[in-house]
C-alpha cells in the first residue's frame, strides 16, 4: 500500500510540473527541483519492485499524464516484467 501511495504522489508531481503545463522561464528551477525528486522516487520504486509494483508505477504515471490505454499498458508491463524476472 505504501508503494502505491508513493507512486501516485511522485507520478502526480511528475505530470503536473512538466514544461508543457508551465512554460514560463521563471518556473524552470522550481519545475526542475520538483520533477527531480519525483523521478528519483519513481526510479527507486521501479528498481526495487516486483512486476506488480512496476505495473503500478507505470500505470500511475500514465493516469496522471492522461494516457488513454492504461489497462493495456498494465497488461504489457506485467507480462514483460514477469518474463524478465522469471
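Structural remarks
- Annotation: average projected area of the chain is 5.7 square nanometres, based on the convex hull of Cα atoms across all directions.
- Gain upon complete extension [residue 71, residue 20; 0.36 nm per residue less C-alpha separation]: 15.9 nm
- A Förster radius of 35 Å combined with the Cβ-Cβ distance from residue 32 to residue 52 puts the calculated FRET efficiency at roughly 0.70.
Read-outs: derived from the displayed coordinates by stated rules, not from any lab. Every value quoted in this text rests on a predicted model; they were computed, and no experiment measured them. Cβ coordinates were reconstructed from backbone atoms using ideal geometry, including for glycine residues, and neighbour counts include every protein chain displayed.
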